[in-house]
Amino acid sequence: MKTMKAAVVHDFTKPLSIEEVPKPEPGPGEIVVKIEASGLCHTDIHAAHGDWPVKPKLPFIPGHEGVGIVESVGAGVKNVKEGDRVAIPWLGYACGECKYCVSGWETLCERQLNTGYFIDGAYAEYAKANAKYVGLVPKGVSPLDAAPLTCAGVTTYKAVKVSGARPSELVAIFGVGGLGHLALQYAKVAGATVAAVDLLDEKLDVARELGADYTINAKKQDPIEELKKLGGADAAICVAVSPKAFEQAFRSLARNGRLVFVALPADNYMQLPIFETVLNGIRIIGSIVGTRLDLAETFAIHAAGKTRVLYETRPLDKVNEAFEDVEHGRNKAPRIVFNQF
C-alpha cells in the first residue's frame, strides 16, 4: 500500500500529527491531486479544535485551499485531465439537484460536503477531490497565489459581488487581514471608492499600498463618525471577527446602504436597531464563500494582474506553530501558505 505524509487531527484538544497515511485512489468521478501549496484559513483552526456545533468526524485532514497537479483521474471524469493544475475549494461536493444548486446557489446546498471538514483536505502530499468541484488554475498564476484565492479570494470576491458595489459608491472594508486585503482590491476592481478600517497602523499601510482611498484606525478615530463625514458607506463588508465591528459597520451606512456579513466571530451576536434599519432602508446580507463560477472569475481577475495576494510561506510540518501564530496575530503577512513543492 502506498503512503503519503499528512497533517492529521486525531483529537480536538491536541496538536495535529504529522504522519504517514494511505495515499488516496480516485473512484468514479474523482481525481487525485499532488498538492503544491495549501493556504491556512482560520476555518482550518476551527475545524482542528472542533469549535463549531457540527464537528468533523475524527480523524481527518484539514485544508480547503489546496492547489496542485492532477496525478490520476477516475472513471467518467471529463472536465479535467492528468497534468492540469487545479484548486480544491471549501465546497467539495453539492447534490446538483436541489433548488439551490439549480439556481446558481450551490454553496447553500443542504447536502454539501466541505473539504478539510467532512472530506479529507489538502494538508497532505496528495488529496482526493470530486472532479466537478475543483477549479482550473489559469496558466501563469502561481500555486502560492492560487491557494489563498481558493477561499479568502473567492469569499471576499463574492461578498463584494453581493454588496452591489459599483462606481461612484463608497465601500467600507472592516478588517484588513487575510480576507480584507483582498476584499478592498475587489471593491476597487468594481470601481468603488474604498475606505479601510482596522485597529493596526501597519495593516492600514498595507491597505493604502493596495489602493484604499481612505484609511481609518478604529483605535484612534471613530469609524462611524469618519465614514459619515464622507457621506456614509453605501456598502460595508465586515471581515473583522468582532461584533463591535459589525455594529460600527451598520451605523456607518448611508441610507439604502448594504451591510455584508462575512466574518464569524466567536461571540455570535450583535445588536441591530429595528427602527433605524427600517427607516433608512438598510439591507443585511450574509455571504458564504463562492460558487465554481465565482472561483473561475476570481482566478481570471488575478491572471489579468488586477489583484495581489500577500502571504508568507511555511513548511507543512510546522503546521502547529503556524496555527498558534495565526491565533495570536504573530504572522507578518495577511495569509500563510504551506509550500508543499
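Things to note:
- Matching residues, the stretch 98-126, being in contact with a Pro (Cβ under 7 Å, 6 or more places away or on another chain) and within 15 Å of Val33 (Cα to Cα): Thr115, Gly116, Gly121, Tyr123, Tyr126
- Flag set for Tyr123, criterion: within 24 Å of Val141 (Cβ to Cβ) and either in contact with a helix residue (DSSP H, G or I) (Cβ under 7 Å, 6 or more places away or on another chain) or at pLDDT below 95 (or both).
- The strands (runs of 3 or more DSSP E) found entirely in the stretch 147-246 that carry 1 or more residues being of a type in the set (Gly, Ala, Ser) and over 19 Å from Val289 (Cβ atoms) are 170-174, 193-198, 233-238.
- If you go through the stretch 66-98 and keep only what is among the charged types (D, E, K, R) and either surrounded by fewer than 15 Cβ atoms within 10 Å (Cβ to Cβ) or touching a Phe, Trp or Tyr at 6+ places or on another chain (Cβ under 8 Å) (or both), you end up with Glu71, Lys78, Lys81, Glu82, Glu97.
Residue-by-condition table, conditions (1) under 26 Å from Glu106 (Cα atoms); (2) at pLDDT 95 or above; (3) of a type in the set (S, T, N, Q):
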site: Ala254; (1), (2), (3): no, yes, no
site: Glu276; (1), (2), (3): no, yes, no
site: Leu295; (1), (2), (3): yes, yes, no
site: Ala300; (1), (2), (3): yes, yes, no
site: Ala304; (1), (2), (3): no, yes, no
site: Thr307; (1), (2), (3): yes, yes, yes
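- The lone exception for Pro138 - which of (1) closer than 30 Å to Arg258 by Cα; (2) more than 16 Å from the chain's Cα centre (by Cα); (3) not aromatic (Phe, Trp, Tyr) it fails: (1)
- Within the stretch 100-135, being part of a helix (DSSP H, G or I), under 17 Å from the mean Cα position of the chain (by Cα) and more than 11 Å from Ile88 (Cα to Cα) holds for Glu106, Thr107, Leu108.
- Put simply, of Asn268, Asn256, Asn217 the only residue that is at positive phi and assigned by TED's automatic domain parsing to the domain that holds Arg166 is Asn256.
- Lone unmet requirement of (1) closer than 22 Å to Ala303 by Cα; (2) buried (at least 24 other Cβ atoms within 10 Å of the Cβ); (3) not polar (S, T, N, Q) for Leu136: (2)
- A search for C-beta distances below 6 Å between a residue of the stretch 118-129 that is in the same structural domain as Pro89 (by TED's automatic domain parsing) and any residue that is modelled with pLDDT of 95 or more and of a type in the set (D, E, K, R), counting only pairs 6+ apart in sequence or on different chains, returns Glu125/Lys5; Tyr126/Lys23; Tyr126/Lys34; Lys128/Glu30.
The values are calculated or read from the model by the stated rules, or taken from the named source; none is laboratory data. Every value quoted in this text rests on a predicted model; they were computed, and no experiment measured them. Every residue, glycine as well, gets a Cβ built from its backbone with ideal geometry; the counts of neighbours run over all protein chains shown.
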